[in-house]
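Let me begin by presenting the structure, written as structure tokens, before commenting on it.
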Amino acid sequence: MLRVPEPRDRAALHAMWADPRVMADLGPVKSAAESDAALARHAAYAPLGFRVVELRDGGAAIGFCGLKPGASDTPIAGMLEIGWMLATDYWRQGYAREAAAATLAWGWATRDEPAIVAITAERNAKSRALMARLGMRHDPAMTFDHPAFALDDPRRRTVTYRIDRR
């Protein structure tokens, strides 16, 4: 299920942001205060469809998935971006694909943008494979060095995938 984040999700989401395996291709691990700041940013994305991924059985928050505006200091500025993150216990079980496909469908039904993009570190083969399975295509012209990462950080080289409205 995808639902609006609630205060009860804080611990589960912070645990993901504090997990080096989850953050390996996303950025540095976050402190509790940094997690709270991320949750506040994500609250602003709620009208775009940014949601917590919750298990149907038991109601555990296992990640998030949704749409947000592309960062202003990147080539996707002004574009609609999809993103996702799951706790490691739920990797490779189809949850990310199910949540992302539902998010894309929701985006097409409720938004007017001609395309939805996704970005990740060039080295992030798992996310790139999911983007391709979702029907997104790599746009080499929009490969860039992400300004959020240091010049020598291997996550700096960022690729963009795109899916156009049908």
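The values are calculated or read from the model by the stated rules, or taken from the named source; none is laboratory data. This one's a predicted model, so the numbers in the text were calculated from it and none came from an experiment. All Cβ positions, glycine included, derive from the backbone under ideal geometry; neighbour counts span all protein chains shown. Ligands, DNA and RNA are stripped out before the accessible areas are found, and what is left, the full protein with its side chains, is counted by its heavy atoms. Shrake-Rupley method; radii C 1.70, N 1.55, O 1.52, S 1.80 Å.
Using the Cβ-Cβ distance between ALA105 and THR143 with R0 set to 30 Å, the FRET efficiency from 1/(1 + (r/R0)^6) comes to roughly 0.65. Given the DSSP H assignment, sum -39500 (n - 2.57) over each helix run of at least 4 residues in the chain and divide by its residue total; what's the result at 222 nm in deg cm²/dmol, nearest 500? So the helix-based figure for the chain works out to -9000 deg cm²/dmol. The Cα center of the range 99-152 and the Cα center of the range 1-53 differ in position by 18 Å. Computed from the Cβ-Cβ distance with R0 of 25 Å, the FRET efficiency linking ASP112 to ALA37 stands at 0.25. Only Lys, Arg, Asp and Glu carry charge here, each on its Cβ (+1 for the first two, -1 for the last two); on that basis the chain has a dipole of about 420 debye about its Cα centre.
When the chymotrypsin sites (Phe, Trp or Tyr not before Pro) in the range 86-154 are filtered for DSSP coil states and for at most 16 other beta-carbon atoms within 10 Å of their beta-carbon, the remaining sites are TRP91, PHE149. Let me know the shape class of the range 79-166, please: from the alpha-carbon gyration tensor, a ≥ b ≥ c as square roots of the eigenvalues, rounded when a/c is under 1.5, otherwise prolate if a/b is greater than b/c, or oblate. In terms of gyration-tensor shape, oblate. For the range 40-91, applying the loop criterion from DSSP together with a ceiling of 10 other beta carbons within 10 Å to the trypsin sites (Lys or Arg not before Pro) yields ARG56.
The local environment of LEU104, defined by Cβ-Cβ distances under 15 Å, has a net charge of +4 under the rule Lys, Arg +1 and Asp, Glu -1. Between ALA46 and ASP73, the FRET efficiency from the beta-carbon distance, with R0 = 22 Å, is close to 0.45. In terms of its C-alpha gyration tensor, the range 31-93 comes out prolate, because a/c is 1.5 or above and the ratio a/b outweighs b/c. Give me the net charge of GLY59's neighbourhood, meaning all other residues with Cβ under 13 Å from the Cβ of GLY59; Lys, Arg count +1, Asp, Glu -1. My count for the surroundings of GLY59 gives -1. For the chain, what % of the accessible area comes from carbon and sulfur atoms, probe 1.4 Å? That share works out to 55 percent. When nucleic acids and ligands are ignored and a 1.4 Å probe is applied, ARG21 ends up with an accessible area of around 150 Å². Since only TRP17, THR143, ALA109 are under comparison, the one whose Cα sits farthest along the positive direction of the charge dipole of the range 1-146, derived from C-beta charges on Lys, Arg, Asp and Glu, is ALA109. Solvent-accessible area per residue in the chain equals 52 Å², computed with a 1.4 angstrom probe and all protein chains kept.
Overall, the range 51-148 carries a charge dipole of about 300 debye about its Cα centre when +1 sits on the Cβ of Lys and Arg and -1 on the Cβ of Asp and Glu, all other atoms neutral.
Computed with a 1.4 Å probe over protein heavy atoms only, the accessible area of HIS138 comes to about 70 Å². Largest accessible area first, the listed residues VAL4, VAL52 line up as VAL4, VAL52 when surface is computed with a 1.4 Å probe on the assembled protein chains.
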